[in-house]
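Student: Attaching a single structure in structure tokens format; questions to follow.
The values are calculated or read from the model by the stated rules, or taken from the named source; none is laboratory data. These numbers were taken from a predicted model, which means no experiment stands behind them. Cβ placement follows ideal geometry from the backbone for every residue including glycine, while neighbour counts extend to all protein chains displayed.
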Amino acid sequence: MHVLSLSTLVVPKLFTSKVILATNIAETSVTIPGIKYVIDPGFVKARSHDPGKGMESLIIVPTSKSQALKKIMTF
């Protein structure tokens with residue numbers, strides 16, 4: 001997982017927008033001041049076990065209806 005650099009938290013210049021792309025992993029762990037709009041791509045990273053490799057990994061899957069409704073109620 002990448003860590004946000006301090007440069008992403010700088011206040012944007014006048015008449016510009018700040019766009020931050022994040023996964024569901026960042027939903028509960030990142031607070032960024034000045035956010036007015038949120039664009040949800042409808043996908044999440046989910047843990048999945050690969051028996052062939054004998055290990056777990058993160059895969060990108062569509063957001064479930066319950067996850068989407070929870071996000072809507074949060075904003």
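Student: Does PRO41 meet the test of being in a loop (DSSP other than H, G, I, E, B), modelled with pLDDT under 70 and surrounded by 10 or more Cβ atoms within 10 Å (Cβ to Cβ)?
Tutor: no
Student: Looking at region 30-38, can you tell me whether even one residue there is surrounded by 11 or more Cβ atoms within 10 Å (Cβ to Cβ), over 20 Å from LYS18 (Cα atoms) and out of contact with any Cys (no Cβ under 8 Å at 6 or more places or on another chain)?
Tutor: No; the residues of region 30-38 include none that is surrounded by 11 or more Cβ atoms within 10 Å (Cβ to Cβ), over 20 Å from LYS18 (Cα atoms) and out of contact with any Cys (no Cβ under 8 Å at 6 or more places or on another chain).
Okay, residues lined up against (1) at pLDDT 75 or above; (2) over 23 Å from LEU69 (Cβ atoms); (3) not charged (D, E, K, R):
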{"residue": "LEU6", "(1), (2), (3)": "no, yes, yes"}
{"residue": "LYS18", "(1), (2), (3)": "no, yes, no"}
{"residue": "ALA22", "(1), (2), (3)": "no, no, yes"}
{"residue": "SER29", "(1), (2), (3)": "no, no, yes"}
{"residue": "ARG47", "(1), (2), (3)": "yes, no, no"}
